[in-house]
Amino acid sequence: MVSFGVALGINTWAGKVCTWSSPWLVLVLPWLIGVLIDAGDAKLKYWQYRVRRKQLIQLAESTQNPAQKKKLLALAHAADLEHAERIIESMRGVAAEPAES
């Protein structure tokens, strides 16, 4: 970026913008990319949870076998608990101390 600014000319406005913005890009861009990846990952996890739970509930409603229905509803409940655990981790941090009872 600095070399591009020098090629444009140090005294031109475009050259000054390129030259002086490069330190900010080095400092801010990795952090910004990390935030975007983290947000995308969170949305993907939530989407996977929603789809998985919806499929389990649909299978449980369509089955006639009560034992199979109970297993499918238990899997849906386990998915709910996993999602709740993920929410707690996001609120407290991954290595947080357990909550007081």
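The values are calculated or read from the model by the stated rules, or taken from the named source; none is laboratory data. The shown structure was predicted, so the numbers you read here are calculated from the model rather than taken from an experiment. Ligands, DNA and RNA are stripped out before the accessible areas are found, and what is left, the full protein with its side chains, is counted by its heavy atoms. Shrake-Rupley method; radii C 1.70, N 1.55, O 1.52, S 1.80 Å.
The table below gives the values:
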quantity	calculated
The chain - percent relative contact order, Cα under 8 Å, separation 6 or more	15
Whole-percent carbon and sulfur share, accessible surface of the chain, 1.4 Å	66
Accessible area in square angstrom per residue, the chain, 1.4 angstrom probe	84
